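S.K.: I have a structure here, written as structure tokens, and I will follow up with some questions on it.
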Amino acid sequence: MNGSGTAPAVPRPAYRRMGVEQRRSQLLAAALGLFAHRAPEDVTLDDVATAAGVSRPLVYRYFPGGKQQLYEAALRSAADALEGCFDEPETGPLTQRLSHALDRYLAFVDEHDAGFSALLQGGSVVETSRTTAIVDEVRRAAADHILRHLGAPEPGRRLRMTVRMWITAVEAASLIWLDEEKHPDLGELRDWLVDHFVALLTSTAARDPQTAHVMRAALALEPREGRLGTLARGALPVLGEAGHLL
């Protein structure tokens, strides 16, 4: 209480002037943080304004289309981040490159927690053909990156399907991992997914000459103590019991 018997006024945070792009980025970051932990339909523009420390009219000024426009813009921002996860230098063993990309991808999943399904899987009442197209673009970009690392920018149908199947499996595994309270740990999940990719390639290589060619080229770069060596030493004892099939 002050001398007049009234409570002192609580100072409000000072409004900071920003450039157009800086302010837009601030609003998108606030929205993405909210969408990351709550379903889009449960987030209001007032929530975004509060998180960003601005007024609701200011949010409308940058996103006159309301929450739908803001959600699509936030989804686009998340998609750009996910596409960047697979941008890895094309040097070194394939499994090492893939592990680095998965580390970034799974870190994004971990950071955005339960909102990963709302951001990428869809199923929200604010989902539209545009949001679906953004999600599909992430999958296509990831496939293109992996095919370049395989040295197959113009893949045949079997190789292309194999890579797309694996990307679908990675997304599904990420969602299951969240549902299983983030078990196993990220390192184990990453290695498991790399092993799964090698297994899929091996299966396809038995039927498809192009996949067999890229598989041989990839194997030539793998060190004995790398991820693939560990997988081979673990699988051989199991496969050794199937000698009667040869």
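S.K.: Heavy atoms of the protein only, probe of 1.4 Å, neighbouring chains included. What is the accessible area of THR168 in Å², nearest 10?
M.R.: 90
S.K.: Averaging sequence separations of C-alpha pairs under 8 Å and six or more residues apart, then dividing by the length of the chain, give the relative contact order as a whole percent.
M.R.: For the chain, the relative contact order is 19 percent.
S.K.: Could I have the simple spin-label model distance between ASP144 and ALA81, label points 7 Å from Cα toward Cβ, reported in nm to one decimal?
M.R.: 2.2
S.K.: Continuing with the same structure: For the stretch 72-87, take each phi angle, set θ = phi - 60°, evaluate the Karplus expression 6.51 cos²θ - 1.76 cosθ + 1.60, and give the result in whole Hz per residue in order, putting x for glycine and proline.
M.R.: 5, 5, 5, 5, 4, 5, 5, 4, 4, 5, 5, 4, x, 4, 9, 7
S.K.: What ranking of GLU137, GLU21, GLU222 comes out by heavy-atom accessible area, probe 1.4 Å, highest first?
M.R.: Accessible-area ranking of GLU137, GLU21, GLU222, largest first: GLU21, GLU137, GLU222.
S.K.: Ok, one more. Name the most mobile residue of ARG140, ARG76, ARG17, meaning the one with the largest mean-square fluctuation, in a Gaussian network model of the chain with Cα contacts below 10 Å.
M.R.: ARG17
S.K.: With unit charges on the beta carbons (Lys and Arg positive, Asp and Glu negative) and the dipole taken about the Cα centre of the chain, which residue among GLN22, ALA242, LEU70 sits farthest to the positive side?
M.R.: Farthest towards the positive pole: GLN22.
S.K.: Of GLY151, SER174, VAL198, which is farthest towards the positive pole of the stretch 147-198's charge dipole, taken about the Cα centre with +1 and -1 on the beta-carbons of Lys, Arg and Asp, Glu respectively?
M.R.: Going by the charge dipole, the pick is GLY151.
S.K.: Ordering GLU83, GLU181 by how much accessible area each has at a 1.4 Å probe, largest first, what is the list?
M.R.: Result of the area sort, largest leading: GLU181, GLU83.
S.K.: When the accessible area of the chain is split by element with a 1.4 Å probe, what percent falls to carbon and sulfur?
M.R.: 55
S.K.: Determine the gain in length on full extension of the stretch ASP110-HIS183; use 0.36 nm per residue of separation and subtract their C-alpha separation, reporting nm with one decimal.
M.R.: 25.2 nm
S.K.: Moving on to the next point. Could you give the angle, 0 to 90 degrees to the nearest 10, between helix 186-205's Cα long axis and the longest principal axis of the Cα atoms of the chain?
M.R.: Its long axis makes an angle of about 40 degrees.
S.K.: Extension gain ILE176-THR91, at 0.36 nm per residue separation less the Cα-Cα distance, in nm? Display every interim value, and only then the final one.
M.R.: Details: separation 85, 0.36 × 85 = 30.60 nm, distance 3.13 nm.
My answer for the length gained is 27.5 nm.
S.K.: Let me ask something additional. If I model a spin label at ALA133 and SER25 as a point 7 Å from the Cα along the Cα→Cβ vector, what separation in nanometres do I get?
M.R.: Each label point is offset 7 Å from its Cα along the Cβ direction, giving 2.6 nm.
S.K.: Turning to a different aspect of this structure: Taking a probe of 1.4 Å, how large is the accessible area per residue of the chain, in Å²?
M.R.: 57
S.K.: Springs between alpha-carbon pairs under 10 angstrom, Gaussian network model over the chain: which of HIS213, HIS112, HIS145 fluctuates most?
M.R.: Largest GNM mean-square fluctuation: HIS213.
S.K.: Return the distance in nm (one decimal) between the two label points of a simple spin-label model at HIS100 and LEU236, each offset 7 Å from Cα along Cα→Cβ.
M.R.: Placing both labels 7 Å along Cα→Cβ, they lie 2.9 nm apart.
S.K.: Most mobile of PRO57, PRO89, PRO223 per a Gaussian network model of the chain (Cα springs, under 10 Å)?
M.R.: PRO89
S.K.: ARG17 to ARG216: extension gain in nm, 0.36 nm per residue of separation minus the Cα-Cα distance?
M.R.: 65.9 nm
S.K.: Another question, then. Given the protein chains as shown and a 1.4 Å probe, how many square angstrom of HIS149 are accessible, to the nearest 10?
M.R.: Accessible surface of HIS149 is approximately 30 Å².
The values are calculated or read from the model by the stated rules, or taken from the named source; none is laboratory data. Every value quoted in this text rests on a predicted model; they were computed, and no experiment measured them. Methodologically, a virtual Cβ is constructed for each residue, glycine included, from the backbone with ideal geometry; neighbour enumeration extends over all protein chains shown. Just the protein is used for accessible areas: all its heavy atoms, side chains included, with ligands, DNA and RNA removed. Shrake-Rupley method; radii C 1.70, N 1.55, O 1.52, S 1.80 Å.
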